[in-house]
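Visitor: Handing you this structure, nothing more for now.
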Amino acid sequence: MPLTYLRWLMTTSSLSQEAINFPLHILRPPSKKYGNYTLEEDCREVGKLNASLRCEFIRTTADCNDTDGYIRYLDGAFCSFPPQLFPLAVFLYALWLLYLFIILAVTAEKFFCPNLSAISRILRLSHNVAGVTFLAFGNGAPDVFSAVAAFSDSRTAGLAIGALFGAGVFVTTVVAGGIALVKPFTAASRPFLRDIVFYMSAIFLTFFVLYRGYIGLPEVLVYLLLYLAYVLVVVLSSWIYQRMRYQLLSAPSLDEPDLLSDTEENTISTPHGSEYGDEYQPLLPLQHTTWNIMWNGINPVDSRKWRQKRWYWKTLKAFKVPIEVLLLLCVPVVDPDKEDRNWQRPLNCLHVITSPLLCLFCLHSGAYACYFIQEVLPLWALLLLIGIPLSFVIFFTTKNGEAPKYHCIFSFMGFITSALWISATATEVVNLLRTFGVIFRLSNTVLGLTLLAWGNSIGDFVSDLTLARQGYPRMAFSACFGGIIFNVLIGVGLGCLLQMSPSKTELQLEAQGLLVWILAGGLGISLVFSLIAVPLQCFHLRKGYGIALVCLYVLFLVVALLTEFGVFTLESFSP
């Protein structure tokens, strides 16, 4: 809103003199003088300065503070590298971004998804229930935490909702379409319709809040209660289905095979066979020593597979080995398909020590690890004092070839550790993408729509497509909608609730212009398209459906960027 118009509005309305003298400079970023330049305290303005002044601007501007990650990328690019080597810094950041994607892929494929599958079997959850609970929690952590941080400032609250919309469009088009391209499958009809209805309700509620311009405590409670109702409906419908299936199985009938082939769920998954087949299995079980079990547990390279692969696979594997070894030392994996459920006695005892430490260092960029209890004992030392004796107790009360009855607990430990690791890695991806936005002078809106939306959705993209490749396309497809429902309802609801107090039960949302409505419209169109196209295909999702969703996202992205660059404006749509 122009300042002159705002001043006129305030003088012509029945406001007090204090309101008329309201300091209008807080509505725009303050300015600072750097040499001969007077710039707003917007980090993107650093490109207008001479190379000698950029480091000072980065270190003295609050908008350039990126302390929520492990590495200060902006300080490194503009202060650690000489100006003539600035392109080298950009190139190294691009390589590091690629390696972060590799870390996410390795964590999701070999640690997060196997533990999720084990938990769903232990709790006897259907694929849909696991997708909208555990997988949604793991995928939605970066989005929820970033939304909570954004709602701490009313000027960025509307942008936070827009970023959630952008991520929603990406997941419901690119990720959902990618699942259909990777693994065509038959979607569960009732769960799909249920997720679409709840998701549309969440988007309509958010659209209403944006249109009104503020959010109150009743709307916040509706957000949280709507997600609670969603989870209860998922659990209740799964329980009803299991009861009906049990009755069908207990009542023999000539038509029973046909009835079972049309079931909505397939809770009994096919075991993943050995990587090399049964012919490679020894005739007699081998007795490995404790040190052999430890070495085999932390060695990610199979010598026979290494000899069979080509050079480019070996090169990629060489980049993966360091992160795989680190995660093997810190993240337990329970495999129900194996006879011993992947019980590795020395390594699992070590996990009792390393997993809590890794979780601690993943929280808030390791800040909690340096927290001192009574200003004497650091928190990481307390975890060591608890974990070391406990690991010795487990070691001396178990055997190498026999998993203990409480071995299932390690699957929950591995799930939590891998989820926090994915969240910490995704935070680094987001910070690095934001750095590229500053370097190339992209606006906050474009940054939230493209780079931040992609960065926050990396976990969804990698883990969902990995699940689809491993034979769980229904769980992955359910997580596309269940995870975004979690992000919108919990991200907005919890983010606003934490900013409210007994004296402040409303939060103002600054209008973000035409682009937010395009975001909401794009998300609504993608949901309506799926709501119409999937039943028309009799819920058989093929590659054509995936291609259509990807094309829909490309079209949405083009329209959004043209709007940001001023090609489409509100005036162009007015008569």
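Visitor: Those residues that are touching a residue at least 60 places away in the same chain (Cβ under 8 Å) and over 24 Å from the mean Cα position of the chain (by Cα), I need them from the range 83-110; list them, please.
Guide: Correct list: Val90 only.
Visitor: Further, regarding this structure: Is there a residue being out of contact with any helix residue (DSSP H, G or I) (no Cβ under 6 Å at 6 or more places or on another chain), surrounded by 15 or more Cβ atoms within 10 Å (Cβ to Cβ) and at pLDDT 85 or above anywhere in the range 266-273?
Guide: Taking every residue of the range 266-273 in turn, none turns out to be out of contact with any helix residue (DSSP H, G or I) (no Cβ under 6 Å at 6 or more places or on another chain), surrounded by 15 or more Cβ atoms within 10 Å (Cβ to Cβ) and at pLDDT 85 or above.
Visitor: Shifting gears a bit: In the range 189-235, what residues are among the basic types (Lys, Arg) and open to solvent by less than 40 Å² (accessible area, probe 1.4 Å)?
Guide: Arg194 - this is the single residue of the range 189-235 that is among the basic types (Lys, Arg) and open to solvent by less than 40 Å² (accessible area, probe 1.4 Å).
Visitor: Given the options Glu375, Glu324, Glu339, name the one that is among the charged types (D, E, K, R) and open to solvent by less than 20 Å² (accessible area, probe 1.4 Å).
Guide: It is Glu324.
Visitor: Take Tyr230 and tell me if it is over 27 Å from the mean Cα position of the chain (by Cα) and either part of a helix (DSSP H, G or I) or under 29 Å from Pro535 (Cα atoms) (or both).
Guide: No: the conditions fail for Tyr230.
Visitor: OK, next. In this structure, does Ser201 turn out to be modelled with pLDDT under 85 and of a type in the set (Gly, Ala, Ser)?
Guide: No; evaluated as a whole, the condition is false for this residue.
Visitor: If you check Leu181 against the conditions, is it more than 22 Å from the chain's Cα centre (by Cα), modelled with pLDDT of 85 or more and open to solvent by less than 70 Å² (accessible area, probe 1.4 Å)?
Guide: It is false that Leu181 is more than 22 Å from the chain's Cα centre (by Cα), modelled with pLDDT of 85 or more and open to solvent by less than 70 Å² (accessible area, probe 1.4 Å).
Visitor: Follow-up. Looking at (1) modelled with pLDDT of 75 or more; (2) aliphatic (A, V, I, L, M); (3) closer than 30 Å to Arg72 by Cα, which one does Leu452 not meet, given that it meets all the others?
Guide: (1)
Visitor: Okay, next question. Given the conditions (1) open to solvent by 10 Å² or more (accessible area, probe 1.4 Å); (2) at pLDDT below 70, and given that Arg44 satisfies all but one, which numbered condition is not satisfied?
Guide: (2)
Visitor: Ser365 - would you say it is among the hydroxyl-bearing types (Ser, Thr, Tyr) and more than 18 Å from Ser418 (Cα to Cα)?
Guide: So Ser365 fails the test.
Visitor: Which number in (1) at pLDDT 90 or above; (2) surrounded by fewer than 20 Cβ atoms within 10 Å (Cβ to Cβ); (3) β-branched (Val, Ile, Thr) marks the one condition that Ile293 misses?
Guide: (1)
Visitor: In the range 390-408, what residues are among the β-branched types (Val, Ile, Thr) and surrounded by 15 or more Cβ atoms within 10 Å (Cβ to Cβ)?
Guide: The answer is Ile394, Thr398.
Visitor: For the range 425-438: of the residues being of a type outside the set (S, T, N, Q) and touching a Pro at 6+ places or on another chain (Cβ under 9 Å), which is modelled with the highest pLDDT?
Guide: Per the stated criteria, the residue is Val429.
Visitor: Within 20 Å of Phe415 (Cβ to Cβ) and of a type outside the set (A, V, I, L, M), is that true of Gln308?
Guide: No, not satisfied.
Visitor: If you don't mind, another one. Of all residues in the range 539-555, how many are open to solvent by 20 Å² or more (accessible area, probe 1.4 Å) and touching a residue at least 40 places away in the same chain (Cβ under 8 Å)?
Guide: 8
Visitor: Report yes if some residue within the range 346-365 is more than 22 Å from Glu428 (Cα to Cα), touching a residue at least 40 places away in the same chain (Cβ under 8 Å), open to solvent by less than 40 Å² (accessible area, probe 1.4 Å) and in contact with a Cys (Cβ under 8 Å, 6 or more places away or on another chain); otherwise report no.
Guide: yes
A quick yes/no check of all residues on (1) of a type in the set (D, E, K, R); (2) at pLDDT 90 or above; (3) buried (at least 16 other Cβ atoms within 10 Å of the Cβ):
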residue: Ala51; (1), (2), (3): no, no, no
residue: Gly69; (1), (2), (3): no, no, yes
residue: Ser80; (1), (2), (3): no, no, no
residue: Leu88; (1), (2), (3): no, yes, no
residue: Thr107; (1), (2), (3): no, no, yes
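The values are calculated or read from the model by the stated rules, or taken from the named source; none is laboratory data. Remember, it's a predicted structure, so these values are computed and weren't measured experimentally. Note: ideal-geometry Cβ built from the backbone for every residue, glycine included; neighbour counts use all protein chains shown. SASA here: full protein model, heavy atoms, side chains in, ligands and nucleic acids out. Shrake-Rupley method; radii C 1.70, N 1.55, O 1.52, S 1.80 Å.
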